[in-house]
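Heads up, the thing below is written out as structure tokens.
Values quoted throughout were computed directly from the atomic coordinates according to the rules given, and no laboratory measurement underlies them. The structure presented is a predicted model; accordingly, all values stated were derived computationally and were not measured. Cβ coordinates were reconstructed from backbone atoms using ideal geometry, including for glycine residues, and neighbour counts include every protein chain displayed.
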Amino acid sequence: MSCPMHAADGVPLVHAVPDDVQADRERLYQEGPVTRIELPGGVRAWATTHHEVSKAALNDPRFAKSVDHWADYQNGTVDEGWPLLGTIPRDNTNMLALDGPAHRRMRQLTSSPFSARRVERLRPDIERVTAAALDALEPRAGEVLDLRREFTFRVPMSVIGLLYGVEESEYSQLGEMYGKLFSGTGEQGEHLQIYAQLFQFFSEMVARKRAQPGDDFTTDLLKEGEEGDGLSDEEVVITLLTVVAAGHETTVNLLNNAVRALLAHPEQFDLLKKGEITWDAVIEEVLRYDPPNNIFMFRFATEDVELGGQTIRKGEALATHYGAASRDRAEFGEEPHPSVFDPGRTQGRHITFGYGPHICPGAPLSRLEARIVLPMLFERFPGLELAVPDEDLRVESALSVTSLAEFPVRLRP
């Protein structure tokens, strides 16, 4: 049964798993540039669906991150059981829930692992982890296997583990918890249990690192608390919890989306093999064409704001629909059409990693991983192919993140 497109009063519906993700992005783009939407559970908000208006909203201080400004949450219209509440930071120790000086303080204190120098230091580790993961696939290269579970999940999780000092035995558990948190398809209230589990996980890790410091981001954050205006243990825990989400799930989906796009567009893949387009161009086009973070929820109007021909009332929620904005003809042109995957396009610049004060700090790491992992994968297995038709691939989440349920391939047919 196909998903309905509108509520009874004509407000566009946004589904956790639409029938066709790409077509759904175009549908919402056509509603734009700012449209009222209804999310799963009947929760209503506004969404920016065009490029320039999205940039404007992301950089507008009249839209705050704190749920203290969200009328529907404060008055109980949205309760604690809403499954998507797990994607919205509600703790004033979380930099994603802060604005102004408080946000700038947290950004400054947590920026060290994602500086250009620190990220580049990870290159040998990423290459080593990728090579080991590819070696592990060799005995089953002729079989059908799930690339997501066996490779594109494991490599970014290993990188985050090295960065944070997470034990390798805990990678799978951590990834599964985040997958459930962002799916938008869980049971009523399930996100509360998962969030509590994640908080406990990182609290225990912080306690271990305080007792036995290491050469990792967690230890660096704890050292920030030893001098001057540093971070409390709770701020360290929340920072770890938040940045793992940004640094892992986004990269997993970027890798999957890149492999899928190349296999579905052999003419572009041939240009890449011939050196007529670069891996950098492919990665940036994937970020635009099939953004791994589809919708960003929420910012809240601190006063009435006129935006894109609409009035966002004080207390109302505003989402950024990156997937829809990636279809904007004004930014990306008519030829090649924005619905077409074309790494050679020369017009437009995506905002998939955000814009303004809350731009994603993990973007350099995610790009570096993609630039290393994807060429190594195809160099090892140049004949890699899908084991099912592309249209049979099942998306398990298309709200906060665009995530495949599984990715069956043959590495060496």
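If you keep only loop residues by DSSP, which trypsin sites (Lys or Arg not before Pro) in the stretch 342-392 have at most 16 other Cβ atoms within 10 Å of their Cβ?
Passing sites in the stretch 342-392 are 349.
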Charged-residue dipole, Cβ positions (Lys, Arg, Asp, Glu), the stretch 58-97 about Cα centre, Debye nearest 20: 160 debye
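Going through the stretch 88-152, which GluC sites (Glu not before Pro) have at most 15 other Cβ atoms within 10 Å and a DSSP loop state?
Details: sites: 120, 127, 143, 150; in loops: 143.
Loop-located and lightly packed - 143.
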Have a look at the DSSP beta bridges in the chain and tell me what percent are antiparallel, nearest 5. 85 percent
Computed Kirkwood radius, in angstrom, where 1/r is averaged over Cα pairs of the stretch 327-413: 16.1 Å
Given charges at Cβ of Lys, Arg, Asp, Glu: the chain dipole, positive-most of 71, 96, 198: 96
Can you classify the stretch 284-327 as rounded, prolate or oblate using the Cα gyration tensor, where a ≥ b ≥ c are the square roots of its eigenvalues, rounded means a/c under 1.5, and otherwise it's prolate if a/b beats b/c and oblate if not? prolate
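For the stretch 12-81, what mean projected area does the convex hull of the alpha carbons give, in nm²? The partial results should precede the final answer.
On the way: hull surface 21.8 nm².
So the Cα hull casts an average projection of 5.5 nm².
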Cα centroid separation - the stretch 69-132 against the stretch 351-388, whole Å: 19 Å
How large are Rg and Dmax for the stretch 280-358 when calculated on the C-alpha trace, in angstrom? 14.5, 42
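Would you mind calculating the gained length between residue 71 and residue 340 on full extension (0.36 nm times residue separation, minus the Cα-Cα distance), in nm to one decimal?
Values: separation 269, 0.36 × 269 = 96.84 nm, distance 3.93 nm.
92.9 nm is the gain from fully extending residue 71 to residue 340.
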Taking the Cα centre of the chain as origin and charging only Cβ (+1 Lys, Arg; -1 Asp, Glu), how large is the dipole, in debye to the nearest 20? 680 debye
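Can you list which of the GluC sites (Glu not before Pro) found in the stretch 283-341 are DSSP loop residues with at most 16 other C-beta atoms within 10 Å? Numbers along the way, then the final one.
On the way: sites: 284, 285, 303, 306, 316, 331, 334; in loops: 303, 316, 334.
Here the GluC sites (Glu not before Pro) that fit, given the DSSP loop and packing criteria, are 303, 334.
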Residue 77 long-range amide H proximity, modeled H, under 5 Å: none
Point-charge dipole on Cβ atoms (K/R +1, D/E -1) for the stretch 243-326, about Cα centre, debye to 20: 160 debye
For the chain, with the dipole built from +1 on Lys and Arg beta-carbon atoms and -1 on Asp and Glu ones, taken about the Cα centre, which of 163, 266, 278 lies farthest toward the positive end? 278
Expressed in nanometres to one decimal, the distance between label points 7 Å along Cα→Cβ at residue 149 and residue 80 is 3.4 nm
Hey, can you grab everything whose amide H is under 5 Å from the amide H of residue 397? Only 5+ residues off in sequence or another chain; H modelled, so Pro and N-termini drop out. 403
Quickly work out the residue 127-to-residue 385 label distance, labels modelled 7 Å from Cα along the C-beta direction, and quote it in nm with one decimal. 3.2 nm
Would you work out the relative contact order for the stretch 24-128, in percent, from Cα pairs under 8 angstrom that are 6 or more residues apart? 15 percent
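Largest first and in whole Å, what are the equivalent-ellipsoid semi-axes of the chain based on the Cα gyration tensor, each being the root of 5 times an eigenvalue? Write down the numbers at each step before the final one.
On the way: eigenvalues 191, 167, 79 Å².
Semi-axes from the Cα gyration tensor: 31, 29, 20 Å.
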Whole-Hz Karplus couplings 3J(HN,Hα) for the stretch 11-18, θ = phi - 60° and coefficients 6.51, -1.76, 1.60, Gly and Pro as x, run 6, x, 8, 10, 9, 4, 9, x
